[in-house]
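These notes concern the structure reproduced below.
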Amino acid sequence: MDLNEILVFARVVQCGSFTAAARLLGMPKSSVSKKIADLEDRIGARLLQRTTRTLSLTDAGRLYFERAARIVEDVEDAEHAVNELQATPRGLLRVTAPLSFGILGPVVSTFLRDHPEVEVEVVCTDRKVDLVEESFDLAIRAGRLEDSTLIARPLGTMQRLLVAAPNYLGARGSPATPQALTEHACIAFGSGEAPRLWTLEHGGKRERVQITPRLLVNDFEIMRDATLAGVGIAFLLESFAQPGITSGQLECVLREWRSPATPVHVLYPTSRHLSPKVVTFVEALRGVFARGAADA
């Protein structure tokens, strides 16, 4: 079955002539005639009676047109629906991001406020998600990317800051050097041995400090709450630390020393015909990272 033949036949009947149908379809009149002839040959029946002056449907043609017109209308409705979907952000947006990706909360809230026809589902996990297999629109990933067929766009970088509550620093003092952290109660992110080694950078210098965590946890919100409570010095993501620093509930420790920058990317299966909901959400993410870089 050739759907183009059905479309051409429907347009010829609706326009009342081969010439008018050819003009509407933007194709030569000879091509219109061939499509009709091919259709009649395929179904084995004459559909149109045509003379130099008139064009009329046969009984078979009338029966075929009733159904063909509905098919063409359904296809047009489908294209119209897709065009509407592509015109403005709408529908379900499925996003996967790392655990405790604090910057995502404000982005999603603002995005939903600005785009009332969009619903968002966010799945936070450190598991590597298969976007195509699991029907996700995009993924946010921090760290080095593995080779893949996914399209990756850089968003920016994330860093961690050393912070503590004023009451902790008042009682224990503030370390003067990175190595002095070994004498303090520390709050580390993760599990196992890796989080016990903190890497700090400043002005081209790099220090590695082996700390003994007073608290080891794989959730930045718990880390922040424990830090606010004065449990110890935390190596906290800047996005989690900054509100406390601004309010005076937290103070920077070794202010010039930070973690190495961790690259953050947004990934999606293909760059062709991206839906408006994906495009606008990616732009919102890029805007947040750009503002963060400007404020740094």
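Descriptive notes on the structure:
- Selection count, the range 220-264, where residues are in contact with a Gly (Cβ under 8 Å, 6 or more places away or on another chain) and without any contact (Cβ under 8 Å) to a residue 60 or more places away in the chain: 3
- The number of residues in the range 79-120 that are at pLDDT 85 or above and surrounded by fewer than 12 Cβ atoms within 10 Å (Cβ to Cβ) comes to 6.
- Residues in the range 225-252 that are aliphatic (A, V, I, L, M) and either within 32 Å of the chain's Cα centre (by Cα) or within 13 Å of ILE187 (Cα to Cα) (or both): ALA226, LEU228, ALA229, VAL231, ILE233, ALA234, LEU236, LEU237, ALA241, ILE245.
- Any strands (runs of 3 or more DSSP E) falling wholly within the range 168-244 and containing at least 3 residues that are at pLDDT 90 or above and within 25 Å of PRO98 (Cα to Cα): 186-189, 197-202, 213-217, 233-237
- With respect to being in contact with a strand residue (DSSP E or B) (Cβ under 7 Å, 6 or more places away or on another chain), among the aliphatic types (A, V, I, L, M) and either at pLDDT 90 or above or assigned to a strand (DSSP E or B) (or both), LEU145 falls outside the description.
- The listed residue being farther than 30 Å from GLY244 by Cβ, of a type in the set (Asp, Glu) and in contact with a strand residue (DSSP E or B) (Cβ under 9 Å, 6 or more places away or on another chain), out of GLU73, GLU117: GLU117
- Those residues of the range 224-268 which are farther than 29 Å from ARG172 by Cα and surrounded by 17 or more Cβ atoms within 10 Å (Cβ to Cβ), in sequence order: VAL264, HIS265, VAL266, LEU267, TYR268
- Being among the β-branched types (Val, Ile, Thr), at pLDDT 90 or above and surrounded by 15 or more Cβ atoms within 10 Å (Cβ to Cβ) is a property that VAL288 lacks.
- All positions within the range 235-256 that are among the basic types (Lys, Arg) and touching a helix residue (DSSP H, G or I) at 6+ places or on another chain (Cβ under 8 Å): none
- When the range 148-167 is limited to residues that are closer than 22 Å to SER247 by Cα and in contact with a strand residue (DSSP E or B) (Cβ under 7 Å, 6 or more places away or on another chain), the one that is surrounded by the most Cβ atoms within 10 Å (Cβ to Cβ) turns out to be VAL163.
- Filter result for ALA139 (of a type in the set (Gly, Ala, Ser), assigned to a strand (DSSP E or B), surrounded by 15 or more Cβ atoms within 10 Å (Cβ to Cβ) and in the same structural domain as PHE281 (by TED's automatic domain parsing)): yes
The values are calculated or read from the model by the stated rules, or taken from the named source; none is laboratory data. These numbers were taken from a predicted model, which means no experiment stands behind them. As a convention, Cβ positions derive from the backbone with ideal geometry for all residues, glycine included, and neighbour counts pool all protein chains shown.
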